[in-house]
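To start, the structure itself, in structure tokens.
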Amino acid sequence: MSVNWGGLVAVIIFYIIILAIGLFAARKTRGKTDSEDLMLAGRNIGLVVGIFTMTATWVGGGYINGTAQSVFDSGLLWAQAPWGYAISLVLGGLLFAKKMREQGYVTMLDPFQQKYGERMGGLLFLPALSGEVFWSAAILSSLGATVSVILEINLELAVIISACIAVFYTLFGGLYSVAYTDVVQLICIFIGLWICLPFSLTSEYVEPIVDTSTGWLGEWDSKFTGVWIDYALLLMFGGIPWQVYFQRVLSSKTAARAQILSFVAAFGCIVMAIPSVLVGAVARGTDWNMTDYGKDVTNSNIVLPLVLQYLTPPFISFIGLGAVSAAVMSSADSSILSASSMFARNVYKLIFRQKASEREILWVMRIAIFGMGILSTILSLTINSIYGLWYLCSDFVYVVLFPQLFCVIYFEFCNTYGSLAGYIIGLFLRLGGGEPLLGLKPFIKYPYYDEVDGQLFPFRTFCMIISFISILSVSHISRCILMGVDRKWDVFLCVTNIPESTKYSMDDPVELDSKETKGDQLPEPVIEEPSHKSTEELVKSDTYIE
């Protein structure tokens, strides 16, 4: 086995730095047993740290490796993720950050469980989980690619080793550790890549990127216009309903600061993508047969670490590879922590164990971290494209979760019936379109379907719109029907939500205080709109009916 000892030492050094900072930051949570403090860092994230960790919401291993891969494969014209996710941060700040922070939610799923009930919130956890798992898989895949280049070992082994390290680091937990390591992550990426660029751009094996612009800029093919539009909208709106994003929003001291962090982070996303784009352009114009690599690049996942190792001097490669690896490692904990937080709070506590102690919740979070690591590892080994994983992680979030989030925040009349209908219809239509990365063949062929190129119609956006319309229409129809009938027909008890204090059977004799009623007259049931109390209040309240 050939080993790049300089790169290996660099990775170890940067790992130690990241781990040390994570452990130092974890001291802020020492002695605290409140799970919310660990999830949201006591809602006390500072402005500078907040900007860094919000930017790191998207800028990580999948971001920098995926952007370089996309430019190398298809050209800058088709590398939509950097600007797409930047716009998603702006839209998130304008539409949701202020409203979510003002309500004092703990996770993204809280408004769903407050309005639709615990079980519907648990159902919505599934697409949120899929997004976080795919995102973690993209991170692990990029980290495995980097390690495999440094050590020249099997990619699968590199991914497994990387996953074990990431899970171990995440166990030290808490948003404080995640946020402070995010600061180091972004600094490492920015300095590491910019130092390497001058050497790679002027390498004797690389044609000037001005002369190869036709290749790395990409060419427009009108046949794929619908696909381009579909992915652009998917990234812009599908980049919003993420716990990893709202964890930063909800940890901000104020709602106004949450918006500021979103806007500044959008600018940061664009800036941080520039070196990755240039690395992809350099790789496209490199004669790899003339380098020490000695062959054409067949696995575009490893384009970025290949450029750093073979087109820069050893010392510069040392800095670049170490920085990228450390950055990827720091990214892994954010996504795993987010999914574990939602599971522990919104699924385990609010559905199965409402009286669970804080210590029990913390242990459930730790167990969930292992589960997330295993799922992410399996997907990263199964799916070969980092950039494909990058898109896929926003796919189901865009189709299913975005219309749900918009409706629960902006439309008071929406209820559980509409939410469930939109969920089922959107998911069915999306799965009907198939997914090559997961080996799912389409059983719905949308307009312009091609046997070779697959779905050319922007069917993801179509599915999202139909899901959105279904939520609104079914909610309105069910509300109109159920408001005028007996409450027994309201299966989910979300239209005629009668307090427990007035529950009685119309068939059984009821003994009433003569001071309150006369004769056999029964008190009129109170018809209420769904409660807007916090989830904890609803759990403790006698007026909440599941």
Amide H of Gly454: which non-local residues (sequence gap of 5 or more, or other chain) have their own amide H closer than 5 Å, using H built in the peptide plane?
none
Only counting other Cβ atoms within 10 Å, I'd like Lys355, Lys99 sorted with the fewest neighbours first.
Lys355, Lys99
Listed here are the pairs Lys295/Lys441; Lys115/Lys349; Lys223/Lys445; Lys98/Lys355; which of them are more than 24 Å apart at the Cα?
Lys295/Lys441; Lys98/Lys355
By the gyration tensor of its Cα atoms, with a ≥ b ≥ c the square roots of the eigenvalues, what is the shape of region 178-305: rounded for a/c under 1.5, prolate for a/b over b/c, or oblate?
oblate
In what sequence do Glu219, Glu132 fall when counting other Cβ within 10 Å, fewest first?
Glu219, Glu132
Other residues with Cβ under 15 Å from the Cβ of Val277 give, with Lys and Arg +1 and Asp and Glu -1, a net charge of 0
Gyration tensor on Cα atoms of region 411-482, a ≥ b ≥ c root eigenvalues, a/c under 1.5 rounded, else prolate if a/b beats b/c, else oblate, says prolate
Long-range amide H partners of Ile45 with built H, under 5 Å:
Lys253
Could you go through region 353-360 in sequence order and give the Karplus-derived ³J(HN,Hα) for each residue, using 6.51 cos²θ - 1.76 cosθ + 1.60 with θ = phi - 60°, rounded to whole Hz, and x for Gly and Pro?
9, 5, 9, 5, 6, 5, 5, 5
Amide H contacts of Glu435 (H built 1.01 Å from N, under 5 Å, at least 5 apart or other chain):
Leu440, Lys441
Translational diffusion of region 185-231, µm² s⁻¹ [Kirkwood Rh, Cα pairs; Stokes-Einstein; 25 °C; 0.890 mPa s]
179 µm²/s
Cα centroid distance between region 189-213 and region 236-253, in Å?
34 Å
Fewest first, what order do Val9, Val303 take by the number of other Cβ atoms within 10 Å?
Val9, Val303
Please grab the % of Cα pairs in region 5-394 that end up more than 29 Å from each other.
39 percent
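Each reported figure results from applying straightforward, stated rules to the coordinates on display, with no laboratory input. Model, not experiment: these values are computed from the prediction. Note: ideal-geometry Cβ built from the backbone for every residue, glycine included; neighbour counts use all protein chains shown.
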